[in-house]
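Read-outs: derived from the displayed coordinates by stated rules, not from any lab. These numbers were taken from a predicted model, which means no experiment stands behind them. With ideal geometry, Cβ positions are generated from the backbone for all residues, glycine too; neighbour counts draw on all protein chains shown.
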Amino acid sequence: MENAKKQTLCSVVSNVEVMPGVHLMWIEAPNIAGSVLPGQFITVRCGGFTLRRPLSVHQVSSREIALLFKVTGNGTLWLSQRQKRDRIDILGPLGKGFSIEPGAKNLLLLAGGIGIAPLAFLTQYASSRHQMTLIHGASTAAQLYTERCQPTAINYQGVQFITITEDGSIGKKGMATDILPDFLDRADQVYACGPADMYKAMAEMSQRAKQSNLKLRKCQVSLEVRMGCGFGACYGCTINTKKGLKQVCRDGPVFELNDIIWQEVRI
Ligand code: FES
């Protein structure tokens, strides 16, 4: 079904730097809050920049949505400087998000760094009959999503958190993909959001394990690519997949891991 996307001027409710260079911003957007699904995104007009910035929705409450974003350039820097009651121009919800199969019970979520953003929304959306394990990897403890990310609408009860850092400052030492195989057996479905290198490592793991029962064959990943329009008009986000050319903004950003031709993806 086509998204009921809308362009709206919305008020900033709060904006807090929750980790170095990472902001949690709540925005009053009742229409989006009432219709957005986990993995979908919005685009934000950032100051005078022509290209809108795509950002996945991180949480929702009855009238508000939250964005969790990293300052990576002038556009997100502008956004990070918005204050309470400032108005920002947003468009959404856009794209196709994560899906949970009717029979799936055990969900395994893998977040690399800021990739926690849409997966947190998935934990909020899943029902109490789902058991969830969320592996969160980051370079160091300061970049791990923690209870500092307040205010939150998420009740994390029932979610088992596993943390891993590259420098070993908290949790195990290593990459999220290092411990992924330990959790696959119990998973009915796997969801991931993180950097391209993480996905490529998962795809290789999946190829190597073709003869075994690894669940990476049922893995949905959220792609982050440069976008123009954000809704299928400019073809600026086209990628080649095993099912033909796809537009990340309209056909994704969530794809099956094994549908992507990773050798051709430049993100
Ligand atoms: Fe324009 Fe995807 S960004 S088609």
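Observations on the structure shown:
- Relative contact order (%) - criterion: Cα under 8 Å, at least six apart; region: segment 47-96: 26
- When Rg and the Kirkwood Rh are both derived from Cα coordinates, the Rg/Rh ratio for segment 52-115 amounts to 1.02.
- Amide hydrogen proximity for residue 6: with H placed 1.01 Å from N in the peptide plane, the residues at 5 or more positions away or on another chain lying under 5 Å are 92.
- For segment 232-243, 3J(HN,Hα) per residue [Karplus equation, 6.51 cos²θ - 1.76 cosθ + 1.60, θ = phi - 60°, Hz, x = Gly/Pro]: x, 9, 10, 6, x, 10, 5, 10, 9, 10, 5, 9
- Value of Rg/Rh across segment 35-175 [Cα atoms, Kirkwood radius]: 0.98
- Remark on residue 170: its backbone amide H falls under 5 Å from those of 141, 165, a criterion applied only to residues 5 or more positions apart or on other chains, H modelled at 1.01 Å from N.
- Point-to-point label distance, residue 169-residue 72, nm (Cα→Cβ direction, 7 Å offset): 2.1
- Exceeding the 25 Å Cα-Cα cut-off - candidates 218/246; 96/243; 105/242; 200/246: 105/242
- Cα centre as origin, Lys/Arg/Asp/Glu Cβ charges: the chain dipole, Debye: 480
- Projecting label points 7 angstrom from Cα along Cα→Cβ for residue 11 and residue 240 puts them 5.0 nm apart.
- Summary value for the chain: 18 percent relative contact order, contacts being C-alpha pairs under 8 angstrom separated by 6+ residues.
- Spin-label proximity, residue 226 to segment 19-56 - amide N less than 13 Å from point 7 Å beyond Cα toward beta carbon: 51-52
- In terms of surrounding Cβ atoms within a 10 Å radius of their Cβ, 26, 78, 262 rank from fewest to most as 262, 78, 26.
- Counting neighbouring Cβ atoms within 10 Å and putting the fewest first, the residues 58, 23 line up as 23, 58.
- In plain terms, the C-alpha convex hull of the chain casts an average shadow of 13.5 nm² when viewed from every direction.
- Taking Cα atoms only, the orientation of helix 116-125 departs from the longest principal axis of the chain by about 90 degrees.
- Under 5 Å between amide hydrogens, built in the peptide plane, is the criterion, and for residue 109 it picks out 133, 134, 135, 191 among residues at least 5 positions away or on other chains.
- Taking the Cα centre of segment 1-131 as reference, the dipole from Cβ charges on Lys and Arg (+1) and Asp and Glu (-1) amounts to some 140 debye.
- Note on residue 62 and residue 266: the extension gain reaches 69.7 nm, defined as 0.36 nm multiplied by sequence separation minus the Cα-Cα distance.
- Simple label model, 7 Å out from Cα along Cβ direction - residue 89 to residue 161, nm: 3.8
- Listed by Cβ neighbour count within 10 Å, with the fewest neighbours leading, 255, 121, 98 appear as 255, 98, 121.
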